[in-house]
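The values are calculated or read from the model by the stated rules, or taken from the named source; none is laboratory data. Model, not experiment: these values are computed from the prediction. Cβ atoms come from the backbone with ideal geometry, glycine included; neighbour counts cover every protein chain shown. Surface accessibility is based on the protein's heavy atoms, side chains included, excluding ligands, DNA and RNA. Shrake-Rupley method; radii C 1.70, N 1.55, O 1.52, S 1.80 Å.
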Amino acid sequence: MATLSVKPGQRFTLPNWHTNSHLISADAERQRSASHQVRQEARALYNETNNQTKWDEHDNHTRLAERISSVNRWKETLDKCLADIDAEIDALAKVKEAAERALQAKNLPLDVSIECLMLRESRRAIDVVRDPVEEELHKEVKVIDKAKRELQQRVDEAFEQLCLLQEARQQLSCDHRRKTEALEIDRMCLSLNVNSPNISFKVNPTRVPDGSIALDEWEQNSQHNKEHAEAEMKASTELREATVLAIAQTNNELEAQRVATEFSLRKRIRDLERAYDELKWQEQNTLEEIAEMEEDIRRLEEGLRRKTKDLKVAHTRLETRTYRPNMELCRDQVQYGLTDEVHQLEGTICALRQKLAESQDALDALYRQLHRIQTDTGYKASSLVLDNKCMDSRRKLVVPAEKFVPEVNTFNRTANRALSPLKNGQLELA
């Protein structure tokens, strides 16, 4: 009989086999239990983490939306503030230009006032008086200088305020630009999701960036920029009102002074015209008196000549009668009459000569007075011409320069009058 081969190796007993089976079954139960526990924990963790992630994502989405809303509100506030400050800058610039034009416009009145003062310096002799016109002209120069200084100060203040407004606007603009950029970034972050193509891992994303500030500081910075701009706009508004008031006040003061000066100048011209007319009347009367005096002197001289001849006749008669012979040489009535006639004629001639001398002195005084009148008339005529030139020059203050045409004949009261030969000679001497 053939022999069976036996597989070499260890042989286990049946109890070992049963034991092994029980061990394997127990291990399987234990592993399944452990696996179930892990699965349950994993499911719980998945659900918990999924919920936490969703809530965190929702919370951050809400925070981003709120942040965007907050930044957008500040952006709109800055938009309004920028529009207001732009309008204020434009308004202040216009007021500054108006002040500069008003300042430039003061040059013409100043030139006219100085021109009038220089014209009136050409007055001569007694007409060089410190009259109300000169005082008003000097006062006008002072008023214009004061107005120019005040307007120049307002222009300088407006320029400085414009610089401050531009600086405040620059701060607002930078803040507005940064907020616009932040809005774009946060809106892009708000739009991201798990399906976005540009998401990726970043190196140390939780670091605190350099230059980061707290939320309170961010709020305070925007509030400071806004309040600073509003303060500068308030100061600019006050400056604009003060500048407009200064322009109106200086214009009113200058207009009042111009009216006062021209009133004094017109009054002075009327006084000069009356004085000129009075002098002309005195000149005419003096000329008439001179003519009458010359005629009387001629009559006195003629009378003196006649009385001299009459005295010669009386002398001749008396001398001739001294040659009567002997007893005929008597003191008769003729002798007494001729003697009385001689004495009377000598007295008459003496009186005529004295009166002729007095008349000649009076005539000389009349000629001196006439010269004085004609000289003063020339001064008054010259002063009238100068003051009328001043009035003509001051027309530039109320008539536009392009329409201003100087008057050719500014002294109508004397320009058309024919002067006497004597007056012409005196004026040429003067």
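In the structure displayed, which of 280/389; 96/226; 54/179; 94/234; 106/234; 96/267 lie more than 27 Å apart, Cα to Cα? In this structure, 54/179; 106/234; 96/267 exceed 27 Å between Cα atoms. Using C-alpha pairs below 8 Å separated by at least 6 residues, the relative contact order for the chain is 23 percent.
Could you tell me the calculated FRET efficiency between residue 57 and residue 212, based on Cβ-Cβ distance and R0 = 30 angstrom, to the nearest 0.05?
Details: r = 23 Å, r/R0 = 0.77.
With R0 = 30 Å, the Cβ-Cβ based efficiency is 0.85.
For residue 273, the accessible surface of its heavy atoms amounts to roughly 40 Å² (probe 1.4 Å, protein chains only, rounded to the nearest 10). Computed from the C-beta positions of residue 24 and residue 230, the FRET efficiency with R₀ = 60 Å rounds to 0.10. Distance from the alpha carbon centroid of region 88-147 to that of region 247-269 works out to 10 angstrom. Work out the FRET efficiency for residue 252 and residue 90 from their Cβ-Cβ distance, taking R0 = 30 Å, and round it to the nearest 0.05. That pair, residue 252 with residue 90, gives E of 0.65.
Within the listed set 376, 86, 361, the residue fluctuating most in the Gaussian network model of the chain (springs between alpha-carbon atoms under 10 angstrom) is 361. When the chain is treated as a Gaussian network with alpha carbon springs shorter than 10 Å, the biggest mean-square fluctuation among 368, 324, 305 belongs to 324. Shown here is the pair-distance distribution of region 88-179: with all Cα-Cα distances grouped in 10 Å bins from zero up to the longest one, the shares run 15, 29, 20, 15, 10, 6, 3, 1, 0 percent.
How much accessible area per residue does the chain have, in Å², with a 1.4 Å probe? All intermediate terms of the calculation are to be shown ahead of the outcome.
On the way: 28930 Å² over 430 residues.
It amounts to 67 Å² per residue over the chain.
In terms of Cα atoms, the Rg and Dmax of region 300-385 work out to 24.2, 86 Å. Ranking 81, 388, 244 by Cα position along the charge dipole of the chain, where only Lys, Arg, Asp and Glu carry charges on their C-beta atoms, puts 81 farthest toward the positive end. Working ranking of peptides 133-140, 221-228, 32-39, 165-172 by packing, defined as the average number of other Cβ atoms within 10 Å per residue, highest first, is 133-140, 165-172, 221-228, 32-39. Modelled this way, with points 7 Å down the Cα-to-C-beta line, the labels at residue 361 and residue 318 are 3.0 nm from one another.
With the simple spin-label model, which puts each label point 7 Å out from Cα in the Cβ direction, the residue 72 to residue 41 separation comes to 4.6 nm. Expressed as a whole percent, the accessible surface of the chain that belongs to carbon and sulfur atoms is 55, based on a 1.4 Å probe. The solvent-accessible area of residue 200, taken with every protein chain present and a 1.4 Å probe, is close to 70 Å².
For region 198-223 versus region 55-80, the spacing of their alpha-carbon centroids is 15 Å. Among the listed values (1) 23.5; (2) 24.7; (3) 35.9, the one matching Kirkwood radius over Cα pairs in Å as calculated from this structure is (3). Put a plus charge on the Cβ of each Lys and Arg, a minus charge on the Cβ of each Asp and Glu, and nothing anywhere else: the dipole of the chain about its Cα centre is then about 1060 debye. For residue 377, the accessible surface of its heavy atoms amounts to roughly 0 Å² (probe 1.4 Å, protein chains only, rounded to the nearest 10).
Send over the per residue convex hull volume for region 1-116, Cα only, as a whole number of Å³. Looking at region 1-116, the number lands at 244 Å³ per residue. Listed by number, the DSSP H helices of the chain that run 15 Å or longer by alpha-carbon position along their axis and have mean Kyte hydropathy of at least 0.5 are 107-120.
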